[in-house]
């Protein structure tokens, strides 16, 4: 298949026909917004963050978008414009190729840090679960079903009552469906 040049003036070579056999004149992303008399013409614009001049082909310039000289400038501008107090703009990165990190306290998903007693890796928690399930004879305290997908539920919440976390009296054996209902979630028992 013959190799032709993109007619926008960028000088990129590509195959004349696409995968469906249709003739192409532009590389993907380039377009015909410029008249044939302006092919290869370049436009100069200012970076919206740092104000540096940057040039690009007229056919690649999108007048309805914001324009930046680098990904760093774009990320800092987005942080200032749409971020929280400080955000990305509050910090300056010594390495201009990477945007600065958002401090963990300012991240949208920050919930105060991970508890030192991480339930999945805490030996005492696992021991508590086994004791609660054995005490209730592996039977759901709500529906009475024996076996299946069971879990130990804290009667007094884990976060609010740290002194009661590992007492078996503070636990109930619940099947998956009843545990989800207890927490107000609509999940089926068979999942």
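Things to note:
- Test: residue in the range 48-67 that is farther than 27 Å from residue 77 by Cα, in a loop (DSSP other than H, G, I, E, B) and either in the same structural domain as residue 82 (by TED's automatic domain parsing) or modelled with pLDDT under 70 (or both): no
- Check on residue 85, at pLDDT below 90 and either in contact with a strand residue (DSSP E or B) (Cβ under 6 Å, 6 or more places away or on another chain) or closer than 30 Å to residue 47 by Cα (or both): yes
- Those residues of the range 7-26 which are under 12 Å from residue 60 (Cβ atoms), at pLDDT below 75 and either loosely packed, with under 13 Cβ neighbours inside 10 Å or out of contact with any helix residue (DSSP H, G or I) (no Cβ under 6 Å at 6 or more places or on another chain) (or both), in sequence order: 9, 10, 26
- The residues in the range 161-179 that are closer than 18 Å to residue 137 by Cα and part of a loop (DSSP other than H, G, I, E, B) can be counted, and the count is 1.
- Residues considered: 72, 45. Of these, the only one that is closer than 30 Å to residue 106 by Cα, surrounded by 13 or more Cβ atoms within 10 Å (Cβ to Cβ) and modelled with pLDDT of 80 or more is 72.
- Candidates 130, 135, filtered to the one that is at pLDDT 90 or above, touching a strand residue (DSSP E or B) at 6+ places or on another chain (Cβ under 9 Å) and surrounded by fewer than 13 Cβ atoms within 10 Å (Cβ to Cβ): 130
- For the range 91-124, residues that are surrounded by 10 or more Cβ atoms within 10 Å (Cβ to Cβ) and either modelled with pLDDT under 70 or touching a strand residue (DSSP E or B) at 6+ places or on another chain (Cβ under 9 Å) (or both) total 9.
The values are calculated or read from the model by the stated rules, or taken from the named source; none is laboratory data. None of these values were measured; they are calculated from a predicted model. Reconstructed Cβ throughout: ideal geometry from the backbone, glycine too, with neighbour counts over all protein chains shown.
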